[in-house]
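Chemist: My structure is below; once you've seen it, I'll send some questions.
Each reported figure results from applying straightforward, stated rules to the coordinates on display, with no laboratory input. Just so it is clear, the structure is predicted and the values come from calculations on it, not from any experiment.
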Amino acid sequence: MQDADLLLQLAGIAGVFVGFGALIAVRSGPSMDVGEVNSIRWVMSIAIWVVIVALVPVIAGRYPVADHDLWVASSVAALVLLAAIVVVYGRAPENRADVATTLATMSRAGIVLSAALAFWVPFVLLVLALVTLVLGLIPDLTHALYLTAVGLGLYMAAIGLFGTVFWKDGAATA
């Protein structure tokens, strides 16, 4: 299977994000506010998603599966897992409380810009890459589309970790 080593490396990097997220959560303990808890949950959820979707084609590729079918099945699994994460994350009361607090404390332009760059643009591109692959719209780019989705997931986890470390109570810390 093409790109197995790269996918394993991306899974390893995402695993580090999971570890850092867990370390932050343990070290902060009960002193974490709702926004910090929400941010750590997001980082860990997306990083775990990256680990899983990076490993799915590597493991499944050991079986006699046609290359195209492997990438399509992996993409479907990635989309299903992503949908589950979004539903669980979106239904958490802490998430709703954090969104309300963020909306009350940030300027409209700040919310739109930070949400677009940190979440919506990469999220939409990630989903588009996987859907394009599943639908077979660009069959020559199946590997690239899948790697793009995994890379965007890693980017989202990295930005989430960055925001968790450098942003507190709606203001940058020095």
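Chemist: Short version: ³J(HN,Hα) in whole Hz for each residue of region 52-65, in order, from phi by Karplus 6.51 cos²θ - 1.76 cosθ + 1.60 (θ = phi - 60°), x for Gly and Pro, what are they?
Modeler: Residue by residue, region 52-65 yields 5, 6, 6, 7, 3, x, 5, 6, 5, x, 6, 9, x, 10 Hz.
Chemist: Another question, then. Under 5 Å between amide H atoms, partner at least 5 residues away or on a different chain: which partners does ALA92 have, H built in plane at 1.01 Å?
Modeler: Answer set, sorted by chain and number: none.
Chemist: Taking θ as phi - 60°, what are the ³J(HN,Hα) couplings along region 141-153 by the Karplus curve (6.51, -1.76, 1.60), each to the nearest whole Hz, with x for Gly and Pro?
Modeler: Ordered by residue, 3J(HN,Hα) equals 10, 4, 4, 5, 5, 5, 5, 4, 4, 4, x, 5, x Hz.
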